[in-house]
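K.L.:
I'd like to ask some things about the structure below.
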Amino acid sequence: AAALAAFAAGWLVPARAPVGCKLNELTAAPDFSPFSPAAPAVATSDAGTPAAPSLPEKWVCLTFDDGPSKTTPEVLAALDAAGVHGTFFVVATGYNEKYLPLLTQAAAGHQIALHSASHEYSDIYRSSAAYWKDIALLKQRIAPYVDAESIRYLRFPGGSTNTVSRRYGVKGLMQQLKNEVEQRGWQWVDWNVCAEDAVGGHPSADTIYRNVVRETGEQTHCVVLMHDSATTRTTAEALPDIIRWYTDNGYTFLTVAEALPLG
């Protein structure tokens with residue numbers, strides 16, 4: 001598909017999830033696209049043949065993992081002030097239960113997508129059944145605040161090419177899970193720009209900004225990984241400058257669903 005061809009130049013950056021994930025547990029070999037290869041919805045030309053999706057020449061998706069949290073209102077304020085729509089890959093771990101009502105506010109102007117109920121690698125990557133049980137629990141916990149059954153986009157904890165799953169699950173588990181996501185007609189979503197905001201040492205807002213600019217480089221189609229957790233408040237502080245940089249450099253802001261719509 002034409003939309004997927006546009007992503008061929010994008011490389012996955014090894015994930016740095018804030019819970020139990022170390023760099024040496026992740027693969028150094030990237031996928032070729034930040035999106036799963038499930039066929040996107042495409043427009044139809046006057047001749048009845050599929051036409052390439054009409055996307056801007058340069059676009060960026062700002063994505064946030066591990067919320068909602070006490071940081072969420074600041075992230076939403078920064079996005080809303082700039083008129084930018086983001087994509088939130090949410091968790092419902094029990095530790096953030098009191099913040100789940102913020103999902104209703106977030107869903108009013110942004111995309112809500114699935115991440116994990118527990119974010120515990122040892123639990124969710126034991127088997128395919130364990131992974132899907134975790135997703136079902138996540139949907140159950142967020143259902144009072146958003147239309148959970150309509151959500152068809154997700155991000156694997158650690159990314160789709162993580163190696164930490166090998167420690168707990170059967171060989172080939174990640175490929176099996178990717179296949180199962182695609183069989184459902186869903187999309188899994190990785191990234192090709194990493195803010196490195198969940199690493200140790202609590203990077204400053206300026207460091208996060210410079211990480212995003214550096215990793216964007218010459219890429220024209222970007223899915224940026226950031227975090228919306230209690231420990232990443234400087235991400236919210238960096239957002240105005242990040243948004244301004246992408247705007248000044250001619251990027252259009254899209255949600256993941258806008259960048260790769262499902263049929």
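K.L.:
Mind giving me the FRET efficiency for Ala143 and Glu57? R0 is 51 Å, r the Cβ-Cβ distance, nearest 0.05 is fine.
P.N.:
About 0.85, to the nearest 0.05.
K.L.:
How much length is gained on full extension from Glu74 to Val213, taking 0.36 nm per residue of separation minus their Cα-Cα distance?
P.N.:
47.9 nm
K.L.:
Now for a different question. At Lys171 and Val199, where each label point lies 7 Å from the Cα along Cα→Cβ, what is the point-to-point distance in nanometres?
P.N.:
3.4
K.L.:
Give me the net charge for the shell around Arg210: Cβ to Cβ below 12 angstrom, other residues only, Lys and Arg +1, Asp and Glu -1.
P.N.:
-4
K.L.:
Enumerate the calculated ³J(HN,Hα) couplings along segment 249-263 in order (Karplus 6.51 cos²θ - 1.76 cosθ + 1.60, θ = phi - 60°), each rounded to whole Hz, writing x wherever the residue is Gly or Pro.
P.N.:
9, x, 8, 9, 8, 10, 7, 4, 5, 6, 6, 9, x, 8, x
K.L.:
So, one more: Taking all protein chains as present, what is the carbon and sulfur share of the accessible area of segment 50-158, in % to the nearest whole number, probe 1.4 Å?
P.N.:
On segment 50-158, the fraction of accessible area on carbon and sulfur atoms equals 52 percent.
K.L.:
Sort 188-195, 253-260, 147-154, 57-64 by packing, meaning the average of other beta carbons within 10 Å per residue, with the highest value first.
P.N.:
By packing density, highest mean first, the sequence is 188-195, 57-64, 253-260, 147-154.
K.L.:
Another question, then. If you take the Cα Rg of segment 145-246 and divide it by 2.2 N^0.38 Å, with N the number of residues, what do you get?
P.N.:
Segment 145-246 yields a ratio of 1.26.
K.L.:
Tell me, what is the percent relative contact order of segment 73-120, built from C-alpha pairs under 8 Å that lie six or more residues apart?
P.N.:
48
K.L.:
How far apart, in nanometres, would the label points at Arg244 and Glu258 be if each is projected 7 angstrom from Cα along the Cα-to-Cβ direction?
P.N.:
According to this spin-label approximation, the distance is 2.2 nm.
K.L.:
Still on this structure: How much length is gained if the chain between Glu180 and Ala136 is pulled fully straight, taking 0.36 nm per residue apart and subtracting their Cα-Cα distance, in nm to one decimal?
P.N.:
Between Glu180 and Ala136, full extension yields 14.4 nm more.
The values are calculated or read from the model by the stated rules, or taken from the named source; none is laboratory data. Please read these numbers as outputs of a predicted model, since none were measured by experiment. Quick reminder, even Gly has a Cβ in these numbers, built from the backbone with ideal geometry, and neighbours come from all protein chains shown. Areas reflect the complete protein model, heavy atoms only, side chains present, ligands, DNA and RNA absent. Shrake-Rupley method; radii C 1.70, N 1.55, O 1.52, S 1.80 Å.
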